[in-house]
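The numbers here are math on the coordinates, done by the rules we state, and not lab data. Note that the structure is a prediction, hence the values are computed from the model and not measured. Cβ placement follows ideal geometry from the backbone for every residue including glycine, while neighbour counts extend to all protein chains displayed.
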Amino acid sequence: MDNYLNFIGGEWTDSKDGITNTQVNPANPSQIVGYTAAATVEEVDTAVQQAKLAFQQWKQLSPVGRGEILRKAADLLEAQSKDIAETATKEMGKRFIEMKGEVLRGAAILRYYAQEGMRKLGEVLPSANNQNTLYTLRVPLGVISVITPWNFPVAIPIWKIAPALVYGNTVVWKPSMEAGITAVKIAKVFEQAGLPAGVLNLVNGSGEIVGNALVEHPLTSAITFTGSNRVGRELASKAVAQNKKYQLELGGKNPVVVLEDADLDLAAKLTVEGAMKQTGQRCTATSRVYVEASIYDTFIEKLLENVTQIKVGDGLDDSVTMGPVASKKQFETVTSYIKKGIDEGAELLYGGNALYDPVYNGGYFVEPTIFANVTNGMTIAREEIFGPVLAVIKVADYADALTQANDTIYGLSASLFTTNLNKAFDFIKNSEVGMVQINGETGGAEPQAPFGGMKESSSGTREQGQAAMEFFTAYKTVSLTTSL
């Protein structure tokens, strides 16, 4: 079985203390996918030192030249998409067809930021002094700590790493332990594309050891993190104490609102897809659906028509439409929320069972689950589950739905299904989220569009698109005076 190493200063290195993380297939936990080397605090320090050293040369390279390396990486990633997708499917369970699409999305993100290297990095401003030329530059920050989750093991790292690099920063990257092998393959793509030594460093390991060492290192300039709210709050406190720039993308409890004038077939289809796609393990997954009372029963029937078509199984099986959750820990979390829903009086309309049949090889499989007659005070309507669980809530009208949809600590994404233009624009204006969908599912993002939420879903800055420049660079104002 292969042992996957860390990438520090352009060299592939084993763990100094010999500790490895065992990566198992969540569809069959007895199957070991491989081992990743667990970095030590000393190795994190070396990675940061190498990134700091590389920064002095990397920032001197033209952004056009940096973009050309990203373009080469995009081509390589696309060429290796099948292998990387299969690895990720075995490692964290996402269906191969979904994972292949994610890898290709990663290539698209790289190509987008390759072109960003040709955009302006400042502007000329008018000055009160006729002999003065006043202008701004956007300059890189330095060494960026990149900490990424397991649910999008290719797209999320790339949409952080690519802008960090094209704007002239260097990176030390700690991926989730559930996606360490996939991370190694991504790092190799950048190496093959000709990225200079030390510009990108990969350190696998736990958040408690590797993550903390990376966040607290005095030579890192900024931290970009996607993960849980609990860890995000801890990270923010440490960043503030060190006067470091930080960017957090956290949880979601994303609502769908379905009005009586909506296309109910479309709404039901996209609500189920939004809730169950990628086994519900998306921060933008649909978690709550508010349905007007006049169409509640009809919409329930249409939800059931769609959810019964889902086939659960190994993500490498082409006939499967929903894979396992990513780990034993996630399996226990999701099943505990299902139990809470039942205990608190919600009606278990469909699913709700862990799948232990020998066909499932002891894998971490949970049925797609729908609860009806949920109230906004129930745990399953308030806390992020990160699994294939949907809560259906009856509302009196649009105003009631909007009020309840906004009644949450989260504010990532929301959808409204309607043919009423006035209500659509009212929802766009008054829904307390960072991303609004009209007649579309709550998930989905494009490389050129800012991604992020409000309330406790985000620290405020946005990822992707040109908005990424706001985080990964700082302004430098230049005043140049000449005399005649």
Next item on the list: Please identify which residues in segment 31-61 have an amide N closer than 20 Å to a label point set 7 Å out from the Cα of Leu219, following the Cα→Cβ vector.
Entry: 39-61
Next item on the list: Any of Lys455/Lys476; Lys340/Lys455; Lys52/Lys244; Lys329/Lys394; Lys16/Lys328; Lys120/Lys455 with alpha carbons more than 20 Å apart? Name them for me.
Entry: Lys455/Lys476; Lys340/Lys455; Lys329/Lys394; Lys16/Lys328; Lys120/Lys455
Next item on the list: Would you mind checking the tilt of helix 328-343 against the longest principal axis of the Cα atoms of the chain, expressed as 0 to 90 degrees and rounded to 10?
Entry: 40
Notebook entry, point to check: Here are some values of Cα extents along the principal axes in Å: [x] 77, 56, 43; [y] 78, 63, 40; [z] 77, 76, 41. Which one was computed from this structure?
Noted result: [y]
Check: Rounded to the nearest 0.05, what FRET efficiency is calculated for Ala241 and Leu348 with R0 set to 60 Å and r the Cβ-Cβ distance?
Finding: 0.85
Note to self: Rounded to whole Å, give me the distance from the Cα center of segment 222-255 to that of segment 340-401.
What the structure shows: 28
Check: In nm, to one decimal, how far is the Lys476 label point from the Ser62 one, both placed 7 Å along Cα→Cβ?
Finding: 1.8
Notebook entry, point to check: HN-Hα J couplings of segment 100-105 from phi, Karplus 6.51/-1.76/1.60, θ = phi - 60°, integer Hz, Gly and Pro as x?
Noted result: 4, x, 5, 4, 5, 5
Item checked: Theoretical FRET efficiency, 1/(1+(r/R0)^6), r = Cβ-Cβ of Lys339 and Ala399, R0 30 Å, to 0.05 -> 0.35
Notebook entry, point to check: Dipole of the chain (Lys/Arg Cβ +1, Asp/Glu Cβ -1, origin at the Cα centre): which of Thr182, Ile428, Asn129 lies farthest to the positive side?
Noted result: Asn129
Notebook entry, point to check: What size of dipole, in debye to the nearest 20, comes out for segment 254-446 about its Cα centre when the only charges are +1 on Lys and Arg C-beta atoms and -1 on Asp and Glu C-beta atoms?
Noted result: 500
Next item on the list: Write out the GluC sites (Glu not before Pro) in segment 54-127 meeting two conditions: DSSP loop, and at most 16 other Cβ atoms within 10 Å of their Cβ.
Entry: none
Margin query: Within segment 7-31, name every residue whose backbone N is under 19 Å away from a label modeled 7 Å from Cα of Asn361 along the Cβ vector.
Written below: 22-31
Checklist line | Cβ-Cβ FRET estimate between Ser294 and Asp426, R0 fixed at 22 Å, reported to 0.05 | finding: 0.70
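Looking at segment 254-446, what % of the alpha carbon pairs are farther apart than 19 Å? The partial results should precede the final answer.
Numbers: 10252 of 18528 pairs.
Tail fraction, whole percent: 55.
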Margin query: Compute the helix-to-body angle for 180-192: its Cα long axis versus the longest principal axis of the chain, expressed 0 to 90° and rounded to tens.
Written below: 40
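Equivalent-ellipsoid semi-axes (√(5λ), Cα gyration tensor) for segment 127-172, whole Å, largest first? Mind dumping the intermediate values first?
Numbers: eigenvalues 262, 21, 10 Å².
Semi-axis lengths for segment 127-172 are 36, 10, 7 Å.
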Check: How big is segment 412-484 by the Kirkwood estimate over distinct Cα pairs, in Å?
Finding: 14.7
Check: Hey, what do the phi angles of segment 194-200 turn into as Karplus ³J(HN,Hα) couplings, whole Hz, using 6.51/-1.76/1.60 and θ = phi - 60°, x for Gly and Pro?
Finding: x, 5, x, 4, x, 6, 10
Next item on the list: Would you mind computing, in nm to one decimal, how far apart the modelled labels at Asn129 and Gln309 are, each placed 7 Å from Cα along Cα→Cβ?
Entry: 6.9
Next item on the list: Enumerate the residues in segment 133-176 having an amide nitrogen under 11 Å from the point lying 7 Å beyond the Cα of Ala79 toward its Cβ.
Entry: none
Checklist line | C-alpha center-to-center spacing [segment 277-315, segment 165-220] in angstrom | finding: 36
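In segment 272-343, which trypsin sites (Lys or Arg not before Pro) fall in coil by DSSP and have 14 or fewer other Cβ atoms within 10 Å? Intermediate values should be presented prior to the final figure.
On the way: sites: Lys277, Arg282, Arg288, Lys302, Lys311, Lys328, Lys329, Lys339, Lys340; in loops: Arg282, Lys311.
Passing sites in segment 272-343 are Lys311.
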Item checked: Phi to ³J(HN,Hα) by Karplus 6.51 cos²θ - 1.76 cosθ + 1.60 over segment 394-403, Hz, x for Gly, Pro -> 7, 10, 6, 6, 4, 4, 4, 4, 4, 4
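Calculate the all-directions average of the projected area of segment 72-162's alpha-carbon convex hull, and give it in nm². Before the final figure, lay out each step's value.
On the way: hull surface 31.9 nm².
Orientation-averaged projected area of the Cα hull: 8.0 nm².
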Notebook entry, point to check: What do you get when you divide the Cα radius of gyration of segment 300-413 by 2.2 N^0.38 Å, with N the number of residues?
Noted result: 1.14
Next item on the list: Mind pulling the angle between the C-alpha long axis of helix 421-430 and the longest principal axis of the chain? Nearest 10 degrees, somewhere in 0 to 90.
Entry: 60
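How large is the charge dipole for the chain, taken about the Cα centre, if only the Cβ atoms of Lys, Arg (+1) and Asp, Glu (-1) carry charge, to the nearest 20 debye? Let's see the in-between values first.
Numbers: 43 positive and 53 negative charges, 337 e Å.
Taking the Cα centre of the chain as origin, the dipole is about 1620 debye.
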